[in-house]
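The values are calculated or read from the model by the stated rules, or taken from the named source; none is laboratory data. Since the structure is predicted, the reported quantities are computational estimates derived from the model, not experimental observations. Every residue, glycine among them, receives a Cβ derived from its backbone with ideal geometry; neighbour counts consider all protein chains shown. The accessibility values were calculated without ligands, DNA or RNA, using every heavy atom of the protein model including side chains. Shrake-Rupley method; radii C 1.70, N 1.55, O 1.52, S 1.80 Å.
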Amino acid sequence: MSLVWSQASVGSTYYARIFASNQIGRGVTSDYILAVAGTTPAAPSNIVITPITGDLNNGTGVILSWTPPASLGNVTYTYTIYMKTSATTSTWSQIPQQTIGKQMLLNNLVAGSTYMFRARLFPSDGTAPSLFSSVVSAIVLDFPGAPIQLRNSTVDVSSSSISLTWPAPSSNGYDTSPLTYNVQLLNSNMLWVNLVSQISDTSITFRVDDRGQPFVFGRGYTFRVRAVNTRGTGPASPSIQVLFAQAPYPPASILMTSADLT
C-alpha cells in the first residue's frame, strides 16, 4: 500500500508513522520515518554561450551561463551539462564536471566546430532530476589570423603624412562579425602600444603631430597591425619601419645673371 500527500512544501522535512485500525480499535504505531518533500524541479533557462576571450594562450572553448529555476526550496542542486557536435545523432555526452553555480567553463574544444548544449539539475537528496533545458548551439571561435603585407602606401611625401595599408587576414576565426584592427607603434621603451584601436578600415593615414604622437620629420617609426574579432585580438602582422620624409624646401631666392653666349 502507498499514500501520496500532495500538500507538502518542497525542501521541507517531514516525520511520518502509520498504524492499522479495524472495528476493534487502533493497532500498534509503526516507527517514525523521515522524508524531505521534493518534486521534479524546473529546468535551467536562458542558457547563453560566450566565447573565451582575452590572451592567445587562454585556450579554445566557451563559457555557458544560465538562469536557475525560480524556486528550488531548501535542497541543494548541482548542474550537469550535456554536449554533442552533430544534429543528426541522438547521443549526448555528459560533461564530467558539475557545478552549483550559474556558469561553467568548457575548454579544449575544436575551433570552427558547432557544439550543442543542454543542462539539467540533480538534487543532492537523490530525488528526481529536472527536465532538460532547451538546446543551444554555437560555433566555437578562434582568434583571427595575422594581417600580412603591411606596407607604406604614401604617394606624396610633401603632404607631411604617411599612409599604411594592409589586406584582411586569411582567417577571421570563424566569426561572422566584421573584423576591426589595432594599429600599434613601437615606443621609445621598446613596448608596443595601440596607436589606434578597433578601426574597421584596412588603411590609415598619420600626419606630423597627429593623434597626440610626436612624429618628427626625418625619424623612422615602427608599426604593426593586429586584427580583432569577438573572441579577442589575434597575432600581429610583420612590422615595418616608416620614415617621415619631408620634401626639400624651395630655394630662398633666384638670381638671374647675364651670360655671354658668344
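Of the residues making up region 65-86, just one is open to solvent by less than 50 Å² (accessible area, probe 1.4 Å), in a loop (DSSP other than H, G, I, E, B) and of a type in the set (Val, Ile, Thr), namely Val75. Ala43 meets the conditions (1) of a type in the set (A, V, I, L, M, F, W, C); (2) under 30 Å from Gly234 (Cβ atoms); (3) at pLDDT below 90 in every case but one. The failed one is (2). May I ask you to list the residues in region 154-178 that are over 25 Å from Leu105 (Cβ atoms), in a loop (DSSP other than H, G, I, E, B) and open to solvent by less than 30 Å² (accessible area, probe 1.4 Å)? If the condition is that a residue be over 25 Å from Leu105 (Cβ atoms), in a loop (DSSP other than H, G, I, E, B) and open to solvent by less than 30 Å² (accessible area, probe 1.4 Å), then Trp166, Pro169 are the ones that fit. Here are some conditions: (1) over 19 Å from the mean Cα position of the chain (by Cα); (2) farther than 13 Å from Val135 by Cα. Ile52 meets all but one. Which one does it not meet? It fails just one condition, (1). Among the residues of this structure, Gln23 does not count as one that is modelled with pLDDT of 75 or more, surrounded by fewer than 13 Cβ atoms within 10 Å (Cβ to Cβ), not hydrophobic (A, V, I, L, M, F, W, C) and not in a loop (DSSP other than H, G, I, E, B).
For region 100-124, filtering for residues that are loosely packed, with under 15 Cβ neighbours inside 10 Å and at pLDDT 90 or above leaves 7.
How many residues are more than 14 Å from Pro51 (Cβ to Cβ) and either assigned to a strand (DSSP E or B) or open to solvent by 50 Å² or more (accessible area, probe 1.4 Å) (or both) if we restrict to region 129-140? Outline the logic, then answer.
Step one: filter region 129-140 for residues more than 14 Å from Pro51 (Cβ to Cβ), giving 129-135.
Going one step further and asking which of them are either assigned to a strand (DSSP E or B) or open to solvent by 50 Å² or more (accessible area, probe 1.4 Å) (or both), we end up with 131-132, 134-135.
Counting residues in region 129-140 that are more than 14 Å from Pro51 (Cβ to Cβ) and either assigned to a strand (DSSP E or B) or open to solvent by 50 Å² or more (accessible area, probe 1.4 Å) (or both) gives 4.
The set of residues in region 87-118 being on the phi < 0 side of the Ramachandran plot, assigned to a loop (DSSP other than H, G, I, E, B) and touching a strand residue (DSSP E or B) at 6+ places or on another chain (Cβ under 8 Å) consists of Ala87, Thr91, Trp92, Ile100, Gly101, Lys102, Leu109, Ser113. Selection of strands (runs of 3 or more DSSP E) fully inside region 182-242 by the criterion of at least 2 residues being touching a Ser or Thr at 6+ places or on another chain (Cβ under 9 Å) and more than 30 Å from Ile139 (Cα to Cα) returns 203-207, 220-228.
Asn229 fulfils the conditions (1) surrounded by fewer than 18 Cβ atoms within 10 Å (Cβ to Cβ); (2) at pLDDT 80 or above except for a single criterion, (1).
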